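What follows is calculated from the coordinates using simple rules that are stated; it is not laboratory data. Everything quoted here is computed from the prediction, not taken from an experiment. Virtual Cβ from ideal backbone geometry, glycine too; neighbours counted across all protein chains shown.
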Amino acid sequence: MHAQSNAPQARFELKVFACEVLRDELMFIAANVPHHLDIDFLPQGYHQEPRQGRLELQSRIDCVGEGYDYILVGYGLCGCLLEGLVARQIPLVIPRAHDCLTLFLGSKERYLRMFEDNPGTYYFTRGWLRAIDQGLADRTGTDLSMCDLPQQGAPVGLEIDRRHLEGLDEEQRRYLEEELRRWMQIYTRGVLIEFDQFVCVGLRERVRQLCESRGWKFECVKGDLGLLQRWLSGSWTEQEFLIVPPGHKVVADFEGNVIKAVPQ
């Protein structure tokens, strides 16, 4: 199996696939990365269609030609979007993240602390709002304030608790899954993740109004680009990143590592 290591010194050729919501942050970091980055962004909507997203992501990975040292995959488990993803001839490098929110918050540990302290929280970033706005305009031409927000959190809850589904019959399993989804849909708090590197006039007030219109408490937290910085720069520790060797696939890991690689 390919060994995971700290900060390689060579200049790598890296193919990057990432969610559109990460565009601003990744382009900011990429300007100061020593490696050559070829970045493709995928639509935000795959968060709601993880199986379709996995098929699209696998198709793109399969089409990557020779000449790249690694393929970087900018997604968390995101409703099992990563589960079953296969490395062909080129190793994959994936952050150990429950979903994309982990990438904005800097670590899976910080994400879990915030999730456990306030499970009924909906998170906003500039990229998340832009992707939602575009999706609504493409479909209906309506304003975000008039629509339900895309779901967050339920896939994460299911990933964390899927171990409890083992040994249940189909009816029990379906009931527990529905209860988990229902619980995670009860939002009471909206949080804007802000970065000192980006100033967007009116963003805080817009999110505040979105929260007030839904009866949510509004707060801001500082984002952390450290995890994304280490991902693009090649500072890959085993604690933070999974390197998937050729011929291996990604599966969920319930021992605290989020994801692991197993032979295909």
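Before moving on, here are some points about what is shown:
- Karplus 3J(HN,Hα) series, Hz, for segment 98-105 with 6.51 cos²θ - 1.76 cosθ + 1.60 (x for Gly, Pro): 5, 7, 5, 4, 4, 5, 7, 9
- Taking a straight Cα-Cα cut-off under 18 Å and skipping sequence neighbours fewer than 8 places away in the same chain, the lysines within cross-link reach of residue 108 are 222, 260.
- If R0 is 25 Å, the Cβ-Cβ spacing of residue 49 and residue 11 corresponds to a FRET efficiency of close to 0.10.
- Charge tally in the Cβ shell below 14 Å around residue 18, where Lys, Arg are +1 and Asp, Glu are -1, residue 18 excluded: -4
- From least to most packed, judged by other beta carbons within 10 angstrom and beginning with the fewest, 174, 88 follow the order 174, 88.
- Cα→Cβ-extended label distance, 7 Å offset, between residue 169 and residue 222, nm: 5.4
- Fully extended contour minus Cα-Cα distance, from residue 253 to residue 206, at 0.36 nm per residue: 13.2 nm
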